[in-house]
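Enquirer: Just passing along the structure, written as structure tokens.
The values are calculated or read from the model by the stated rules, or taken from the named source; none is laboratory data. Owing to the predicted nature of the structure, the values given are computational and were not obtained by experimental measurement. Methodologically, a virtual Cβ is constructed for each residue, glycine included, from the backbone with ideal geometry; neighbour enumeration extends over all protein chains shown.
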Amino acid sequence: MNLKEIISPIDKELEEFQKQFSGSMKSKVALIDLITKYILKQKGKKVRPVLVLLSAKLCGSINQRTYIAANLVELLHTATLVHDDVVDDAKKRRGLASINAVWKNKAAVLIGDFLLSKGLLVSLDNGEFEFLQTTSEAVRRMSEGELLQIQKARNFDATEETYFRVISDKTASLIKTCCKLGALSSTKDADKIEALSVYGENLGIAFQLRDDLLDYVGRKKLLGKSTGNDVKEKKFTLPLIYSLDNAPKKKSAEIMKLIKSDSIKKFESVYYFVEEYGGIEYSMKKTEHYGKKAADAIKDFKDSDAKTSLLELVNFVTKREY
């Protein structure tokens, strides 16, 4: 299945979400409305609200609480993307100029803060304190994950254990939150809520593993960005960490020296090193491993369109080319 087919059981609900999401960003300040309209033009895959809606449908039925949860996570996710572009000095987002490129860093940071506060208020105004607690925990983990990655990039000392901690906190925590909130919105069954939480955590890890792998093997045409960005930014992801651990010490030392340098042609050498010493194959196996853990977490749910979509989403995430 492609993503369009995966989403098809919740097409109408996704339209309703989009209406509510657009409304949740409205403001009395003209500049804010101008920027948020621009954000809405940046058509993303909407994976996070899709996960909220599908998880709710798997556990019961989609209701107004589900839309509140979907709005909360998408506002939070959008805020983090805007802030990430400032931190990374990114000039593009989903094929359009980034907010910081158009309106400069100050406005971008403040818009990110505005979206974050809107997300918090969506919960508070509707008395959804459990949603707020779950999401706040995810924000803490995301921040810690990002800062740990920065620390390890500076020290050039990332290990496989640290890498999995980083991606679990940085990426998987929000995916887990989406699935947990969706379940919470439609059931009180603790086992079902836990099963969706486990599904989301493992799906998030598989998603980031595939993302990091695509930085080595992805095609520029499909990705919309050049490969090798992680190497350029001295980010240590699993293909490189594994290869450095398994190559002869002399060879690893040469590659480390190259990574620390400012050579603009270093990616090609690092790519062949990672391919030769098993980093790409190992990362593929790990992606499949976490994908299977995600699928296994929901195997006991009765068969339905929502279950099929969530299982197909695992296939999509682990095999995607963009």
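Enquirer: Name the pairs: first residue in the stretch 150-162 and farther than 12 Å from Lys234 by Cβ, second residue surrounded by fewer than 13 Cβ atoms within 10 Å (Cβ to Cβ), Cβ to Cβ under 8 Å, at least 6 apart or on different chains?
Expert: none
Enquirer: Let me ask something else. Please work out if Lys176 is in a helix (DSSP H, G or I), at pLDDT below 95 and either assigned by TED's automatic domain parsing to the domain that holds Gly23 or buried (at least 22 other Cβ atoms within 10 Å of the Cβ) (or both).
Expert: No: the conditions fail for Lys176.
Enquirer: Out of Leu147, Leu110, which single residue is surrounded by fewer than 19 Cβ atoms within 10 Å (Cβ to Cβ), modelled with pLDDT of 95 or more and in a helix (DSSP H, G or I)?
Expert: Leu110
Enquirer: Looking at (1) over 21 Å from Ala172 (Cβ atoms); (2) assigned by TED's automatic domain parsing to the domain that holds Gly119; (3) part of a loop (DSSP other than H, G, I, E, B); (4) of a type outside the set (Phe, Trp, Tyr), which is the only condition Gly44 fails?
Expert: (1)
Enquirer: Within the stretch 55-77, which residues are among the hydroxyl-bearing types (Ser, Thr, Tyr) and assigned to a helix (DSSP H, G or I)?
Expert: Within the stretch 55-77, Ser55, Thr66, Tyr67 meet the criteria.
Enquirer: Restricting the search to the stretch 88-107, which residues are loosely packed, with under 13 Cβ neighbours inside 10 Å, of a type outside the set (Lys, Arg) and in a helix (DSSP H, G or I)?
Expert: Passing the criteria: only Asp88.
Enquirer: Something else about it: Criterion first (under 17 Å from Arg65 (Cβ atoms), part of a helix (DSSP H, G or I) and either touching a residue at least 12 places away in the same chain (Cβ under 8 Å) or in contact with a Pro (Cβ under 9 Å, 6 or more places away or on another chain) (or both)) does Phe131 satisfy it?
Expert: Answer is yes for this residue.
Enquirer: Being under 23 Å from Lys46 (Cβ atoms) and out of contact with any strand residue (DSSP E or B) (no Cβ under 7 Å at 6 or more places or on another chain) narrows it down to one residue among Val102, Val109; which is it?
Expert: After applying the criteria, what remains is Val102.
Enquirer: I'm trying to understand the selection: among the residues of the stretch 9-27, which are loosely packed, with under 15 Cβ neighbours inside 10 Å and either free of Cβ contacts under 8 Å to residues at least 12 places away in the same chain or in contact with an Asp or Glu (Cβ under 6 Å, 6 or more places away or on another chain) (or both)?
Expert: Passing the criteria: Asp11, Lys12, Glu15, Lys19, Gly23, Lys26, Ser27.
Enquirer: Hey, can you tell me all the residues within the stretch 245-271 that are among the small types (Gly, Ala, Ser) and part of a loop (DSSP other than H, G, I, E, B)?
Expert: Correct list: Ala247, Ser261, Ser263.
Quick grid of which residues meet (1) surrounded by fewer than 20 Cβ atoms within 10 Å (Cβ to Cβ); (2) more than 22 Å from Leu209 (Cα to Cα); (3) without any contact (Cβ under 8 Å) to a residue 60 or more places away in the chain; (4) not assigned by TED's automatic domain parsing to the domain that holds Leu51:
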| position | (1), (2), (3), (4) |
| --- | --- |
| Asp262 | yes, yes, yes, yes |
| Ser269 | yes, no, yes, yes |
| Lys285 | yes, no, yes, yes |
| Ser304 | yes, yes, no, yes |
| Leu313 | no, no, no, yes |
